[in-house]
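Structure record follows, encoded as structure tokens.
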Amino acid sequence: MSTVQQHRRPVRSLLTSWQQPLYRSGYALVASSAITSGIGLLYWVIAARLYPPAVVGTNSAAIYAMMFLAGAAQLNLMNALLRFVPVAGRRARGFVITTYTAGALLGASAGYVFVLGARLWSSQLEGFFEGRLETAWFVAATAVWTIFVMQDSVLTAVGRAALVPVENAVFSGLKIVLLVWLVAAMPFHGVAVSWTVATAIVVVVTNVYLFRRAVPSHMVTAQDVAEPFSLRHVLRYVGGDYTGTLFWLGCTQLLPVLVLDVVGAEATAAFSTAWTVAYSLYLVPLGMGQSLVVHASRDIAGLERARRIMVEYSLLLLVPAVVVIFVTAPYLLRIFGESYSQHGTWVLRLAALSALPNIVTSTTVSAARVRRRMTVVVAVLASLSILVLTLCVVLTPRVGVNGVGIALLAGQMIVASAILLLRASWLPRPLSGPLSGLRHSFLLRRTAPVLLGRIMGGDLASWRLQGRLHGQSGTATALVGSAQGDTALIKVADSPSGRNQLVRQAAVLRRLHADGRLGAWRDLLPNVLATSEVNGAFCVMETRLRGVDGRSMLGDADGRRSFVAAALGTIEDLHDRTAVPRIVDEASVTRWVRVPIARLRACVRHGERGPLDRLEAILVEELAGRRVSVGWVHGDFCPDNVLVEDGRVTGVVDWCQSDPDGIAVLDVVGLLVSTEWRVAHTELGRVVQQWSSDPEHPGHPVLVDAQRALGADVVEPRVLVLLSWLHHVSNNLAQSERYSTNPLWMHHNVVSVLRSLERS
């Protein structure tokens, strides 16, 4: 594909993506932001022409204070509406009314407290609330704005996002009409009054439509996708999200109030105007993110792809806009007056540039809301707010309002860079560690009680989480128990790789239990009791088998010999029951050799690809046309996954790498190599090199005997060890990028083996 075609493709996909509901809703919300910002810019131009700068500055600070209070008081229920109304079914009307009522009452209370303490918050706003009428107006306006903020979320959640631009266009037009009409009657309060009266009119009209038509229609059509949730679920979601949003409001809506006492009303008017223009750019990823929350809540598996596409589309929309604003900033602000251009040009330029890294932070927060990862929401928004506000306090007294622009750009760039670094594929990632364990603990506490309450019921509803156990890197595992003393395991994963492992393991265990050839061998397998999606994670509940893993018997030579003999007898019994001879044909060579080789080739440097080609040639030559024994294999048969009690095998666990058509002897190879690896406390790669380079290795006769016992041709033990190693590292690379991005693991377990092949 040519470079020109590569650049055209995103533009073409941007133009055609409106056909999909996810992106169509996002574009409607972006269009609403564009219309609101465009007409809003005209509103402030007219205000600047009709009212003195000091009046505009004080009124704008009051309006932003009202918007902050409403946003803070409504507990961020707008995001709860986006997340839960789409799956509320017949409960949608009641849920909307409850959130409206709570938000309005809290908004009114916050407005009243703000007026009472105006002298503390901003001395220049104290005179703005000089009488009871002004106080009552501000309190009511804050309550109404709270509902205004939430109603767009309701429209989006019930599939009426296309009406959001219409609603906001009407609002923007009304406030301009009222602004002009009130200039003579209210020369000091006219700006703020025009804003709030227009808000009240639009709130009434919109909600008449919502409760008479849109919400009832949604309650009927959304019954099939209704998802049970309780007040506890909503409060848990809102609690974390609200904390994060408070930080966000602090670094956006409070900025004019923060700078008013430092730089004065005239400079604040210039900053407020510039920030209004720049903030319109912030609304693009915000609108796209709101659509993401609504639609991806029903398709979490496609969330990451949708997030990446939204980042791409947001960049396509914003980069040209930022360039235009940066170039035309002084001329654009001169429309408002010379004072606005003088004080606000560089603030506008810097704030507009900050909208680009905001794409990263905004889409990250939206994706976290879909997954209900409230700790991520709080961490991102709190970091951003603390950085921006701290830099504002430090810089504004020294460089004036330009310090706010510097703070916005620096804060966004630092947080976005941290997010990108954490996601960077070239950074080493630990395979495990205390942070992983901490995250697993939070994940289990967030999901396990919900799973138990949802799928167990009856007497089993009393089951409780008893403690976290060691699990795979992408899976959290916990022991749960009932009041009667029964125990089981819960395994939870919310990453794509972890989910895939759990889904596959549950499917494999069900197939194994349904396979009549296994007979009594099935007693060694966990039973899958239930599977469920919980808060964006995939959960499996399975029986807990007796015993401890085989590592407990590796401390002395006698224990090792006893364990290996018992484990080999157990797995060979499975092979005897299910394996049959098969000639290795081209399809088998592709599946067993070429596919895992291709996976390694994508992860190693160019210099290691030659040894990979040599390994492929060796394996193909040795296997093609041979008769091997094929049947159920575990795929990761090692001491970690074999449970023992009193020297007997009591269970075999972790079947996510199992294959019903695998080469049976590879389980034997895996057990012998992994046992030696565990005992030597070294890397797997070193043990593989020893086995494959030493023709007299004591383990080779065991592999020869195992093949003969299965009625298969004898493949050279060195080849079997290399094939087993290939499958092991290939499966690890497929399961998690933590392996491919950890240079130490890659060097010791992949590169070192390939280089030893080159030397041999």
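State yes or no: is Ala184 among the small types (Gly, Ala, Ser), open to solvent by less than 10 Å² (accessible area, probe 1.4 Å) and modelled with pLDDT under 85? Steps first, answer last, please.
Values: among the small types (Gly, Ala, Ser): yes; open to solvent by less than 10 Å² (accessible area, probe 1.4 Å): no; modelled with pLDDT under 85: yes.
It is false that Ala184 is among the small types (Gly, Ala, Ser), open to solvent by less than 10 Å² (accessible area, probe 1.4 Å) and modelled with pLDDT under 85.
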**OP:** Only residues that are of a type in the set (S, T, N, Q) and more than 28 Å from the chain's Cα centre (by Cα): list them for segment 147-198, please.
**Re:** Asn168, Ser172, Ser194, Thr196
Subject >> Leading residue by the ranking (modelled with the lowest pLDDT) among those in segment 99-114 that are in contact with a Leu (Cβ under 9 Å, 6 or more places away or on another chain) and not small (Gly, Ala, Ser) >> reply: Phe114
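Could you check segment 38-53 and list, in sequence order, the residues that are part of a helix (DSSP H, G or I) and either of a type in the set (S, T, N, Q) or open to solvent by 10 Å² or more (accessible area, probe 1.4 Å) (or both)?
Once the filter is applied, which keeps residues that are part of a helix (DSSP H, G or I) and either of a type in the set (S, T, N, Q) or open to solvent by 10 Å² or more (accessible area, probe 1.4 Å) (or both), segment 38-53 yields Gly38, Ile39, Leu41, Leu42, Trp44, Val45, Ile46, Ala48, Arg49, Leu50, Pro53.
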Original post:
Within the set of pairs 6+ apart or on separate chains, which have a first residue in segment 247-266 that is at negative phi and open to solvent by 50 Å² or more (accessible area, probe 1.4 Å), a second that is part of a helix (DSSP H, G or I) and β-branched (Val, Ile, Thr), and C-beta atoms under 6 Å apart?
Top reply: Val262/Thr396
Original post:
Val56 passes all but one of (1) more than 15 Å from Ser272 (Cα to Cα); (2) open to solvent by less than 10 Å² (accessible area, probe 1.4 Å); (3) modelled with pLDDT of 75 or more; (4) not charged (D, E, K, R); which number fails?
Top reply: (1)
**OP:** Determine which single condition Asp152 fails, assuming it passes every other condition in (1) modelled with pLDDT of 85 or more; (2) under 21 Å from Leu249 (Cα atoms); (3) open to solvent by less than 30 Å² (accessible area, probe 1.4 Å).
**Re:** (3)
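Before we move on, is Asn749 polar (S, T, N, Q) and more than 28 Å from the chain's Cα centre (by Cα)? It would help to see each step written out before you state the result.
On the way: polar (S, T, N, Q): yes; more than 28 Å from the chain's Cα centre (by Cα): yes.
Taking the combined requirement at face value, the residue satisfies it.
Yes/no matrix, rows are residues, columns are (1) open to solvent by 30 Å² or more (accessible area, probe 1.4 Å); (2) under 30 Å from the mean Cα position of the chain (by Cα); (3) on the phi < 0 side of the Ramachandran plot:
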residue: Ala269; (1), (2), (3): no, no, yes
residue: Thr273; (1), (2), (3): no, no, yes
residue: Ser280; (1), (2), (3): no, yes, yes
residue: Glu312; (1), (2), (3): yes, yes, yes
residue: Arg334; (1), (2), (3): yes, no, yes
residue: Glu338; (1), (2), (3): yes, no, yes
residue: Leu348; (1), (2), (3): no, no, yes
Original post:
Before we move on, is Pro695 open to solvent by 10 Å² or more (accessible area, probe 1.4 Å) and assigned to a helix (DSSP H, G or I)?
Top reply: no
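Just give me the residues in segment 531-548 being open to solvent by less than 20 Å² (accessible area, probe 1.4 Å) and on the phi > 0 side of the Ramachandran plot, in sequence order. Full working, then the answer.
Step one: list which residues in segment 531-548 are open to solvent by less than 20 Å² (accessible area, probe 1.4 Å), which gives 532, 534-537, 539-542.
Selection gives Asn535, Gly536.
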Original post:
From the list Val715, Val669, which one is part of a helix (DSSP H, G or I) and either among the acidic types (Asp, Glu) or modelled with pLDDT of 90 or more (or both)?
Top reply: Val669
**OP:** Would you check if Gly471 is under 19 Å from Pro526 (Cα atoms), open to solvent by less than 30 Å² (accessible area, probe 1.4 Å) and either modelled with pLDDT of 80 or more or small (Gly, Ala, Ser) (or both)?
**Re:** yes
Original post:
If you scan segment 510-561, which residues turn out to be assigned to a loop (DSSP other than H, G, I, E, B), out of contact with any strand residue (DSSP E or B) (no Cβ under 9 Å at 6 or more places or on another chain) and among the small types (Gly, Ala, Ser)?
Top reply: Gly536, Gly555
Original post:
If the Cβ limit is 6 Å and pairs must be 6+ apart or interchain, which residue in segment 561-577 that is closer than 14 Å to Leu666 by Cβ pairs with which residue that is part of a helix (DSSP H, G or I)?
Top reply: Ile571/Asp667; Leu574/Trp521
**OP:** Specify the residue that is surrounded by the most Cβ atoms within 10 Å (Cβ to Cβ); the eligible residues are those in segment 390-404 that are within 33 Å of the chain's Cα centre (by Cα) and free of Cβ contacts under 8 Å to residues at least 40 places away in the same chain.
**Re:** Gly403
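Among the listed residues Arg718, Arg686, which satisfies the condition of being of a type in the set (Lys, Arg), touching a residue at least 60 places away in the same chain (Cβ under 8 Å) and either open to solvent by 10 Å² or more (accessible area, probe 1.4 Å) or at positive phi (or both)? Reasoning before the result, please.
Numbers: Arg718 fails: touching a residue at least 60 places away in the same chain (Cβ under 8 Å).
It is Arg686.
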Original post:
Using beta carbons and a limit of 7 Å, which pairs, at least six apart or on different chains, have the first residue in segment 365-378 and over 16 Å from Pro496 (Cα atoms) and in contact (Cβ under 8 Å) with a residue 60 or more places away in the chain and the second one among the polar types (S, T, N, Q) and not in a loop (DSSP other than H, G, I, E, B)?
Top reply: Arg369/Asn79; Val378/Thr243
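Here's the yes/no breakdown for (1) closer than 16 Å to Thr252 by Cα; (2) modelled with pLDDT of 85 or more:
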| site | (1), (2) |
| --- | --- |
| Tyr331 | no, yes |
| Ser341 | no, no |
| Thr345 | no, yes |
| Leu356 | yes, yes |
| Val360 | no, yes |
| Ala367 | no, no |
| Thr375 | no, no |
Original post:
Considering only residues of segment 350-364 that are of a type in the set (Val, Ile, Thr) and open to solvent by 10 Å² or more (accessible area, probe 1.4 Å), which is farthest from Tyr279 (Cα to Cα)?
Top reply: Thr364
**OP:** Assess whether Leu615 counts as being out of contact with any strand residue (DSSP E or B) (no Cβ under 7 Å at 6 or more places or on another chain) and at pLDDT 90 or above.
**Re:** yes
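Within the bounds of segment 209-229, is there any residue that is open to solvent by less than 70 Å² (accessible area, probe 1.4 Å), of a type in the set (Gly, Ala, Ser), more than 29 Å from Arg83 (Cα to Cα) and at pLDDT below 85?
At the first step, the residues of segment 209-229 found to be open to solvent by less than 70 Å² (accessible area, probe 1.4 Å) are 209-211, 214-219, 222, 225-227, 229.
From what is left, the residues that are of a type in the set (Gly, Ala, Ser) are 214, 217, 222, 226.
Filter once more, so that each one left must be more than 29 Å from Arg83 (Cα to Cα): none.
Within segment 209-229 (the criterion being open to solvent by less than 70 Å² (accessible area, probe 1.4 Å), of a type in the set (Gly, Ala, Ser), more than 29 Å from Arg83 (Cα to Cα) and at pLDDT below 85), the answer is no, since none of the residues qualifies.
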Original post:
List the pairs whose first member sits in segment 593-614 and is under 14 Å from Asn731 (Cβ atoms) and touching a residue at least 24 places away in the same chain (Cβ under 8 Å), whose second member is among the polar types (S, T, N, Q) and in a helix (DSSP H, G or I), and whose Cβ atoms are under 6 Å apart, counting only residues at least 6 apart or on separate chains?
Top reply: Pro596/Ser730; Arg599/Ser730; Cys603/Ser740
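The values are calculated or read from the model by the stated rules, or taken from the named source; none is laboratory data. Here the structure is a predicted model, which means the values were calculated and not measured. Cβ atoms come from the backbone with ideal geometry, glycine included; neighbour counts cover every protein chain shown. The accessibility values were calculated without ligands, DNA or RNA, using every heavy atom of the protein model including side chains. Shrake-Rupley method; radii C 1.70, N 1.55, O 1.52, S 1.80 Å.
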